[in-house]
Amino acid sequence: MTEFRRFRGTDRYLTSDSLESAVNCALALGRPLLVKGEPGTGKSLLAEAIAEGLALPLLTWHVKSTTRAQDGLYVYDTVQRLYDSRFGDGNVKDIRQYIKLGPLGQSFASANRVVLLIDEVDKADLEFPNDLLHELDRMRFRISETNDDVVATERPVVIITSNNEKELPDAFLRRCVFHFIDFPEKSLMKDIVAVHHPGLDKALIEQTLAVFYELRELRGIRKRPSTSELIDWIAALRTAGIDTVKLDKELPFLGALLKKEQDLAAFADQLAGGRRFRS
Amino acid sequence: MFVEFLYELRKRKVPVGAQEAVAVAEALAKGLHDSSLDGFYQVARALMVHSEQHLDDFDIAFGQYFRGIQATAIEINEELLSWLKDPKPMRELTPEERAMLETLDLDEVRRMLEERIKEQRERHDGGNRWVGTGGTSPFGKGGENPSGINIGGSSGRGKGGAVQTADARKYKPYRADASLDIRQIEVALRKLRAFAREGTERELDLDKTIDETARNAGELEVVVRPPRRNNTRVILMMDVGGSMEPHREYVSQLFTAAKRATHWRELRTYYFHNCVYGKVWKTDGFQDVVSVNELMQQCNAQYKLVLLGDALMAPYELLGVSGFSAEERMTGLEWLIKLTSHFERTVWLNPEPVRTWRGNTIEAVSRVVPMFPLTVEGLGESVDQLIKGRSRRG
């Protein structure tokens, strides 16, 4: 049995058994961990927590719709080189000066083990994950301009998050350890709130949670409020010095919880019995 | 021993294969499962399931496969359960004792439990052999044994057993074949994209620029090209009225999602009743007639045609002719053949469950138009068909 450093969550980030198990699988097998789940359940924060828990540096790669897989490895700044050659700046002969490693490239090149977060992988083009398969598998790639190989000495811990906007390709999924973050149950949520708002009045926690879960169960809610919204809402309540809440039409700072106009309308229909939010 | 479990999963269409088996074996070899069924459940789930759609199937398969263990436990007679009902608290274990407990494997535990139940005749607490409470025997309640089987309730350390967790089936809402909501449809439809370079030249073509500049002896020569644009054009034809009434909800959801899909170059929607004959309508109230021949003249073969209907009708509605003009003398089926031969990519989405597709007009229609059920899975497959005409599954 090989021993390795296991992940157990941090003071600020509470985990469940299955999440810890998935993270440890990914650590032990050197595979990327794919995390899915409702928005606001702490997918991206997980990478920070792992970095903190294992005391490793964190690199982040925010994927956008225009991101190409190549950007993560390296970028060859041809335009800069072109200009330098025209105006005689810099050492144009040295191509290496114009090669900039992307986040994935940096994580390979790093002498020590790092945590790499590939955030919202589903934002990019459909073929994006496929283009990364080989590099994630072998943890190496070649810079074709200079024929240099970038090889990871220590396999980085790769955490990939997805919001399900696109299906990910099967070949990619097969290489990942998968975890779906459940929406926290009340008891866990209580702990989470306690972590973010230490010393909060017990009665207020009970009330806010009751309201929060009831709100999530309301009919016709499209974007159900999530953990991060609850935390923000409680912060707002504390700042305003409100110490009792109950689910009625006068709910304070409703906008912190419900963010869609249709949801506000649904809320009004069911609780206020009126059309306060209808325009 | 988990190889058979692998087949149990495959039976439930969870896509697992050798790669997953090897991964799980590697994880077990590294002791990631902490030698417990709970741990095995977590590890196997993380490595074998790749999408929340399959979590429920995994739970069912897990429950089924490891039920043997539970089932034996459930057969334990009432009396035994009543002994377990008021548990005695457990004493602290020494590390040696704990190490000893780690060593049992599941099969052995199972076999031992069966034997033990056969032999046991009275209540036991705090022991290490019989089914009882507060002890270190692998069976019983409120005790601790990492490889043990929990009988009738939670174990001492406050964790439900893996089989119980599996039995709770809390991932049911994420199943792919159960429900369709607009967002899921949107996700499926989003795959229907085809980029092509069109329009005015506005984007810098870096490679060509460098090439041209080099040819130009270093004097900067900028080359531009048209930006990539989406070139998907979709025709959606929907059956309304009659036997389609019960499916109204699904159809309107698909319609909303399709309308909302802004990534298409063009979306045309038409309505028909029962089957496409010579004409289709622009509204569901059967107004604004469009002749199918005209439509085929306007739209080239690259349009993707999606037909949506239950394809359930009286045989004469599909095969009979109604008039004398050339248009009216073609049967519904012939019209469908004409449409599929004009458009390169055609699919038929059917809200009726797949098991009802035999021995009626659905079967006849599905021979002409590739047919898919109106579920998230079916929709995904139909989109694949529309993109590359990938062959249909089973």
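The values are calculated or read from the model by the stated rules, or taken from the named source; none is laboratory data. Because the structure is a prediction, the values reported are computed rather than measured. Every residue, glycine among them, receives a Cβ derived from its backbone with ideal geometry; neighbour counts consider all protein chains shown.
Structure values in brief
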{"read-out": "One residue from A:Leu27, A:Leu19, A:Leu34 being crowded, with 16+ Cβ neighbours inside 10 Å, within 14 Å of another protein chain (Cβ to nearest Cβ) and in a strand (DSSP E or B)", "value": "A:Leu34"}
{"read-out": "Whichever residue in region B:42-51 is at the interface with chain A (Cβ under 8 Å from one of its Cβ atoms) and either part of a helix (DSSP H, G or I) or of a type in the set (S, T, N, Q) (or both) and, among such residues, is surrounded by the fewest Cβ atoms within 10 Å (Cβ to Cβ)", "value": "B:Ser51"}
{"read-out": "Some residue of region A:216-225 being of a type in the set (Gly, Ala, Ser), at pLDDT 80 or above and not in a helix (DSSP H, G or I)", "value": "no"}
{"read-out": "Qualifying residue in region A:40-52 (condition: in contact with a Gly (Cβ under 7 Å, 6 or more places away or on another chain) and surrounded by 18 or more Cβ atoms within 10 Å (Cβ to Cβ))", "value": "yes"}
{"read-out": "Some residue of region A:105-117 being surrounded by fewer than 15 Cβ atoms within 10 Å (Cβ to Cβ) and under 18 Å from B:Ile210 (Cβ atoms)", "value": "no"}
{"read-out": "Residue check, A:Asp182 at pLDDT below 85, in contact with a strand residue (DSSP E or B) (Cβ under 8 Å, 6 or more places away or on another chain) and within 12 Å of another protein chain (Cβ to nearest Cβ)", "value": "yes"}
{"read-out": "Subset of region A:85-109 (residues that are farther than 30 Å from A:Glu165 by Cβ and more than 12 Å from every other protein chain (Cβ to nearest Cβ))", "value": "A:Asp89, A:Gly90, A:Asn91, A:Lys93, A:Asp94, A:Ile95, A:Arg96, A:Gln97, A:Tyr98, A:Ile99, A:Ala109"}
{"read-out": "Enumeration of residues in region A:5-16 that are farther than 18 Å from A:Ile160 by Cβ and away from every other protein chain (no Cβ under 12 Å)", "value": "A:Arg5, A:Arg8, A:Gly9, A:Thr10, A:Asp11, A:Arg12, A:Leu14"}
{"read-out": "Members of region B:336-380 that are aromatic (Phe, Trp, Tyr) and either at pLDDT below 85 or in a helix (DSSP H, G or I) (or both)", "value": "B:Trp357"}
{"read-out": "Identity of the residue in region A:147-170, within 14 Å of chain B (Cβ to nearest Cβ) and among the β-branched types (Val, Ile, Thr), that ends up surrounded by the most Cβ atoms within 10 Å (Cβ to Cβ)", "value": "A:Ile160"}
{"read-out": "Hits in region B:250-290 - residues which are within 16 Å of B:Phe343 (Cβ to Cβ) and either in a loop (DSSP other than H, G, I, E, B) or more than 35 Å from the chain's Cα centre (by Cα) (or both)", "value": "B:Trp264, B:Arg265, B:Val276, B:Val290"}
{"read-out": "Matching residues in region B:327-366 - criterion: being closer than 22 Å to B:Val280 by Cα and free of Cβ contacts under 8 Å to residues at least 24 places away in the same chain", "value": "B:Arg329, B:Thr331, B:Glu334, B:Ser341"}
{"read-out": "Enumeration of residues in region A:171-194 that are exposed (fewer than 14 other Cβ atoms within 10 Å of the Cβ) and in contact (Cβ under 8 Å) with a residue 12 or more places away in the chain", "value": "A:Ala171, A:Lys186, A:Asp191"}
{"read-out": "Identity of the residue in region B:26-41, part of a helix (DSSP H, G or I) and of a type outside the set (D, E, K, R), that ends up surrounded by the fewest Cβ atoms within 10 Å (Cβ to Cβ)", "value": "B:Ala29"}
